[in-house]
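The values are calculated or read from the model by the stated rules, or taken from the named source; none is laboratory data. The structure displayed is predicted, hence computed values, not measured ones. Heads up, the Cβs are rebuilt from the backbone with ideal geometry, glycines too, and the neighbour counts pull from every protein chain shown.
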Amino acid sequence: MVTAEWLRKTELFRGLEASQLDRILSYASVESFPERTTIFRRGEEAHRFFILVEGAVALAAKTGEKNDFMTSKIEKEGTVFGMPSILEPFHYNVTGTCLQASKVLVIEAGPLRKQMEEDPKMGMEIMKSLASIYFHRLNEMRDGISKLLHLFKSRSS
């Protein structure tokens, strides 16, 4: 069961108070998704965001007309994804697909954005966490690309 205490341990909501977490849970629900289910698609309007409870989700971006490139694999409990629902222009920038049967906390973004506006301290805490998450994932992707380029360079030498 997802509780305020569980939510406080997630990467996005660490700095929040119990009353703030309870309000967030009031517009959230746990949903189960079968393996290979697409939760959201790149380009769709983003009304919800997600926190992994159990399972694994691939986040992939289009690299051409037919090919997708996995940018992230979400498999750690408490990991947030679908974050463009909190940031303008409120469209998903990747596609989220379950790699296995998964349980996900689904949070309605509209009420969260409203709560962030009404409680600026809470909004600032969430935005600081969000920036940290994005920078961490960007650095992981850069490291992966660097390793891949190094591998190609060493093979072509």
Single match in ARG155, ARG142, ARG137 (criterion: free of Cβ contacts under 8 Å to residues at least 24 places away in the same chain, in a helix (DSSP H, G or I), surrounded by 10 or more Cβ atoms within 10 Å (Cβ to Cβ) and out of contact with any Gly (no Cβ under 6 Å at 6 or more places or on another chain)): ARG142
Unique residue being at pLDDT below 95 and either within 15 Å of LEU87 (Cα to Cα) or among the polar types (S, T, N, Q) (or both) when the list is ILE126, ILE145, ILE133, ILE107: ILE133
One residue from PHE81, PHE50 being farther than 18 Å from LEU21 by Cβ and either over 11 Å from the mean Cα position of the chain (by Cα) or of a type in the set (A, V, I, L, M, F, W, C) (or both): PHE81
Out of LEU21, LEU16, LEU12, LEU52, sole residue that is buried (at least 18 other Cβ atoms within 10 Å of the Cβ) and assigned to a strand (DSSP E or B): LEU52
Odd one out for GLY64, checked against (1) at pLDDT 95 or above; (2) over 13 Å from the mean Cα position of the chain (by Cα): (1)
Checklist (1) surrounded by fewer than 19 Cβ atoms within 10 Å (Cβ to Cβ); (2) in contact (Cβ under 8 Å) with a residue 40 or more places away in the chain; (3) more than 12 Å from the chain's Cα centre (by Cα) applied to MET122, failing item: (1)
Residue within the range 55-76 that is in contact with a Lys or Arg (Cβ under 7 Å, 6 or more places away or on another chain) and closer than 22 Å to GLU17 by Cα present: no
Close pairs from the range 72-93: first within 22 Å of THR3 (Cβ to Cβ), partner in a loop (DSSP other than H, G, I, E, B) and at pLDDT 95 or above, Cβ under 6 Å, at least 6 apart: GLU75/ALA56; GLY78/LYS9; GLY78/THR10; VAL80/LEU12
